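A quick write-up on the structure given underneath.
The values are calculated or read from the model by the stated rules, or taken from the named source; none is laboratory data. Just so we're clear, the structure is a prediction, and the values are computed from it rather than from any experiment. Note that each Cβ is placed from the backbone with ideal geometry, even for glycine, and that neighbours are counted across all protein chains shown. Surface areas here come from the heavy atoms of the whole protein model, side chains and all, with no ligands, DNA or RNA. Shrake-Rupley method; radii C 1.70, N 1.55, O 1.52, S 1.80 Å.
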Amino acid sequence: MAYEGSEDMDLVDALNARLRDAEPQEILRVAVERLGDQLALVSSFGSESAVLLHMVAQIKPDMPILFLDTGMLFGQTLDYRRQLAAKLGLSGVRDLRPQFQDIAIHDPSADLWKTDTDACCNIRKVLPLDRALAGFGGWITGRKRFQGGDRLRLRVVERNEHQIKFNPLANWSKEQIDAYAVEHDLPPHPLVEFGYPSIGCWPCTQPVEEGQDERSGRWAGSQKTECGIHMPRATPTLEVGGDI
Ligand code: SF4
């Protein structure tokens, strides 16, 4: 069943109203129930990713998990991605890499991040993710409101023109995330103990001081706070079946 225009918004608003106070596992179950194989999780395998990955492993261990390997990640992140996926029994992890032509034309020296971080994120993150998501009706993100910035107003269910997006951890606090990780004995990203509460590419990630905003080490010293994968883009039809 296809929904277009205002019907899309009715559907997303109705789902959001139903799920806005639900526990993350319930939100995941509804997302899987409605979208089935049309649903993917986008994960950075960063500092708090293990929690959502563990929840997905309990519900649908073969869910496609899209991992943006930008070519600029810390070696510790690549190791963690392999080890955590194996430990949790996640069989659907896909490594998304930038297109060779984009790198050859726009960033042949791998230093575009020094002069234009938006363009660098576009070819290394936004475009690869858009290509991969073209085959899906919806996706799950690990964003939380406590991360601040634009995320303070984050809804549990939202629409990003391309697809329906579920943010199962939107309501959870940092304490809840940490408690879940301890309860389920989830290994932390190896850089957390070195002061990295949010981890992206090595050129654009710094450790932060105790008490600082946890994303303040990302693109530190610039106005940039998001890589762009959550910014609005074009508007294809949303395909989601069943009743609210
Ligand atoms: Fe490039 Fe930095 Fe964006 Fe990574 S986070 S894609 S290195 S600008």
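What value, in deg cm²/dmol to 500, does the helix sum -39500 (n - 2.57) over DSSP H runs of n ≥ 4 give at 222 nm once divided by the residues of the chain?
Numbers: 8 runs with 80 residues, N = 244.
It comes out at -9500 deg cm²/dmol, rounded to the nearest 500.
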For this session: May I ask you to give the percent of accessible area on the chain that is carbon plus sulfur, with a probe radius of 1.4 Å?
Result: 50 percent
For this session: Pull up all non-local amide H partners of LEU96: gap of 5 or more, or a different chain, and H-to-H distance under 5 Å with H placed in the peptide plane.
Result: PHE67, LEU68, ASP69
For this session: Estimate the FRET efficiency between ALA181 and ASP102 by the formula 1/(1 + (r/R0)^6), using the beta-carbon distance for r and 45 Å for R0, to the nearest 0.05.
Result: 0.80
For this session: For GLU23 paired with TRP202, estimate the spin-label separation in nm (one decimal), with each label point 7 Å from Cα along the Cα-to-Cβ line.
Result: 4.1 nm
Seminar exercise, completed: In order over segment 80-97: 3J(HN,Hα) from phi, Karplus 6.51/-1.76/1.60, θ = phi - 60°, whole Hz, x for each Gly or Pro, gives 4, 4, 5, 5, 5, 4, 5, 4, 8, x, 7, 9, x, 6, 10, 8, 9, 10
Seminar exercise, completed: The set of residues whose placed amide H lies less than 5 Å from the amide H of SER47, leaving out same-chain residues fewer than 5 positions away, is ILE199
Problem set entry | Area accessible to solvent at HIS106, 1.4 Å probe radius, in Å² | 100 Å²
For this session: Would you kindly state how much longer the chain becomes between ASP116 and GLU193 on full extension, computed as 0.36 nm times their sequence separation minus their alpha carbon distance, in nm to one decimal?
Result: 24.7 nm
Problem set entry | Mean Cβ neighbour count within 10 Å, used as a protection proxy, ranking 92-105, 199-212 highest first | 199-212, 92-105
For this session: For a quick protection proxy, order the peptides 77-86, 63-72 by their average other-Cβ count within 10 Å, most packed first.
Result: 63-72, 77-86
Seminar exercise, completed: In the chain the DSSP beta bridges are antiparallel at a rate, in percent to nearest 5, of 35 percent
